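Note sheet for the following structure.
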Amino acid sequence: MSDIVTDNHNGVSLDDRRDSTSGDPPAAPKPAKYIPPHLRRKLADEQTTGGGGGSSSEINRDGDDREHRGGRDRDRDDDYTNGYRDRGRDNDRRDMGGGCRRDNDRFDRGRDDRFDSHDRDRGFDRRDSRDRDGGRSRGFGGGGGYGDRDRFDRGFDRGGGGRGSSRVSETGTGWDIRDGRRYIPEDEAELFTSEGKMSTGINFDKYDQIPCEVTGRGAGELPRVESFQEIQGVDALLIANIKRVNYQRPTPIQKHSIPVVLAERDLMACAQTGSGKTAAFLFPIIAEMLRMGPPPPPENTRYNRRMTYPVSLVLAPTRELAIQIFEESRKFTYGTGIRAVVIYGGADVKLQFRELERGCDILVATPGRLVDLMERARVSLAMIKYLVFDEADRMLDMGFEPQIRRIVEQEDMPDRGRQTVMFSATFPREIQRLAADFLEDYIMVTIGRVGSTNEFIRQRLQYAEDRDKQRTIQKILEDQTEEGLSLVFVETKRGADALEHYLLMHQFPATSIHGDRSQFEREEALRAFKSGDCPILVATDVAARGLDIPNVKQVINYDLPNNIDDYVHRIGRTGRAGNTGTAISFVNETNRPILRDLLGLLEEAQQEVPSWFSSMVNSCTASFSKFGNRFGGGRGGGRGGGGSRFGTRDMRNFQGGPQGRDYASFSSNDRDRDRDRGGSSSRAPPPRGYERDRDMDRGRDRIDDMRSRDRDRDDRPRGPPSRGVGGPSPRQSPYGQADDTKDAWDD
Ligand SMILES: Nc1ncnc2c1ncn2[C@@H]1O[C@H](COP(=O)(O)OP(=O)(O)OP(=O)(O)O)[C@@H](O)[C@H]1O
């Protein structure tokens, strides 16, 4: 196929043009003819039947169209000769001259050098990684079942760039001319700036020691990837971007998830905080988008210029997380022509309209704003091929389930041919139920125990009555010797304002982020925190999930959350990408709902458990132990005791459901690839016991809801009032010995 691409249709092949650049702009002004993916097969057929000339002329005709067109398109080209776009183009030229871009060059014949002898030994063949024919040329050597794909079956690539497909694709991918859009190259230096970038820590290699489990039909046959470069069929542009972000090798969640998505399977993936889940879904999705090329314009509909048809949709619970995923998408799609857009509430909707109108292939959205724009007929989900739920449990927690169900089930999103993936560090049971509705015959990848914390975070407890907390945090911040950022979590918005004020009054450079602050203020607070201008950020749970901020050295739970999953996510803002960090939690009797789970979590992570805390847990939780883990278990996680009972695993394996016959389990420990016994490819029926669990969970949800209903929207004080003057000093626990009188639960 590459022969066809580089065939000389007008005297200058793309190879010639790019190889001859060596940093200089191409000498020949006459454009080389890019053959859109959808025409290549046709051209190949015609060439083999002696009709190559015809095709050639067809391509030339396209080229002539371009040369002779006037009006709007000509204006478009003129745009590229000045200002910002000119700068972007210079970047492109510079890139083409050497460095990454040389590697990156789509038609660089030296690209196979990437497949070193090691790769060859491992049985990876040296096929053209840019083979856009898809079809049967893919695979991991060992056979991951990739070879049966045919993009033509899936309706992609028949129309190439859609409207405007007669234009020449500058990136060579066809995405940059999808929908007749104008391609505006990103500024590489700005995008890949090392400022504020997370570097991997000393523990990065330890991720490989964490046990993993892969379950689901055919789990044992899925390969795992050891390096990004060895994956066949991945576009060199994407590999170059992986180099730019300086990812040397995949993390375990990436090793196991990437092949699942590439194999067109639905996926539920769970791995510890900061272990690289974002790239675990972005990388394979973008790889697939590049391989498939842009889809044709929607059929049987009058094309609505103002309507956007993204191919991938990433849903995230909070605005800041959506922005972060969008920024990552921009990096991974750099130079590919694929356009990512982010939409979220609280921001100017007109600006978001404009961004969408410039073209949108990957849409990152918060559910509320997405529904809003769908109602305004600005976004259609009719062409969604990849659907990602990041931190899906948090979306449910925030009450977004109706919006999510509407987006997935009641609008125009295709049910067939769609791939759905869910990622989180915690997977309470209600999210596994949602998965049963949205995911089809999915693979579940679990790295470590679901909902566990990593051992790089040193977890400490500090007994503090509510009335003593301000003094306690002041002392901690004063005693802090290590440089770095401190993230302080509080329960309510009012509490955030109050603590920020207190800290500022005591000369601590603090800022805050919560739901009552304007979007501008939220983004500004994050910027000041990341840059170190305000190294103390007081936050509600809006900052608990997903945020990846380098140099956060300590997380302080000024108010502990009500459930252990939130605790896991909060402390996961430190100790990321193999770095170390500290989490300090203020504890007192009002934290009863989480105490037992917290004890189990600390023991599991081999953290020091102060004896006063063990006593307190026994004392505070004894009287309601008869309710089992009513409040424990992280919204249904069923923890309540520690050890191996912790966590929610693949429900299909636990409920005596179909898995006994149909589902396989692959674990990094036993590597038993023979356990897959075949199985149906239809949606998994609800496991036995599902209805009963649902009822139990509904009850539990109601209780949790009552306790945590919109902690970020509701300023009601939580828990009993603090004791009067004369209580224990801030740094002293009353639990020197077990106190059996403190066991009443006054819910
Ligand atoms: N293969 C890799 N090599 C080096 N760094 C990586 C790799 N993958 C991800 N990272 C970096 O690790 C950090 C954490 O990644 P990411 O934010 O995706 O974690 P996460 O698992 O989604 O965390 P959370 O559960 O908190 O959302 C990021 O700074 C990311 O750039």
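The values are calculated or read from the model by the stated rules, or taken from the named source; none is laboratory data. As the structure is a prediction and not an experimental result, all values here were calculated from the model. Backbone-built Cβ (ideal geometry, glycine too); neighbour counts: all protein chains shown. Just so you know, the surface numbers come from the protein's heavy atoms only, side chains and all, with ligands and any DNA or RNA stripped out. Shrake-Rupley method; radii C 1.70, N 1.55, O 1.52, S 1.80 Å.
Some notes on this structure:
- Identification of strands (runs of 3 or more DSSP E) wholly contained in the stretch 417-495 with 2 or more residues that are of a type outside the set (D, E, K, R) and under 30 Å from Pro402 (Cβ atoms) yields 419-424, 443-447.
- Some residue of the stretch 263-271 being away from the ligand (no atom under 13 Å from the Cβ), out of contact with any Cys (no Cβ under 6 Å at 6 or more places or on another chain), assigned to a helix (DSSP H, G or I) and more than 30 Å from Tyr567 (Cα to Cα): no
- The residue that is nearest to Arg460 (Cα to Cα), among those in the stretch 603-633 that are modelled with pLDDT under 90 and open to solvent by less than 30 Å² (accessible area, probe 1.4 Å), is Ala605.
- The residues in the stretch 197-219 that are within 26 Å of Val552 (Cα to Cα) and open to solvent by less than 60 Å² (accessible area, probe 1.4 Å) can be counted, and the count is 6.
- The single residue among Ala528, Ala498, Ala543 that is in contact with a helix residue (DSSP H, G or I) (Cβ under 9 Å, 6 or more places away or on another chain) and free of Cβ contacts under 8 Å to residues at least 60 places away in the same chain turns out to be Ala498.
- Some residue of the stretch 350-357 being touching a residue at least 40 places away in the same chain (Cβ under 8 Å) and within 30 Å of Asn579 (Cβ to Cβ): no
- Filtered by the rule that a residue be farther than 23 Å from Thr333 by Cα and hydrophobic (A, V, I, L, M, F, W, C), the stretch 362-384 gives Val371, Leu373, Met374, Ala377.
- Test: residue in the stretch 352-373 that is within 16 Å of the ligand (Cβ to nearest atom) and in a helix (DSSP H, G or I): no
- Of all residues making up the stretch 225-262, the number that are touching a Cys at 6+ places or on another chain (Cβ under 9 Å) and within 14 Å of the ligand (Cβ to nearest atom): 7
- Leading residue by the ranking (farthest from Gly274 (Cα to Cα)) among those in the stretch 562-602 that are surrounded by fewer than 24 Cβ atoms within 10 Å (Cβ to Cβ) and within 15 Å of the ligand (Cβ to nearest atom): Thr580
- Summed over the stretch 397-428, the residues that are open to solvent by less than 30 Å² (accessible area, probe 1.4 Å) and of a type outside the set (S, T, N, Q) give a count of 11.
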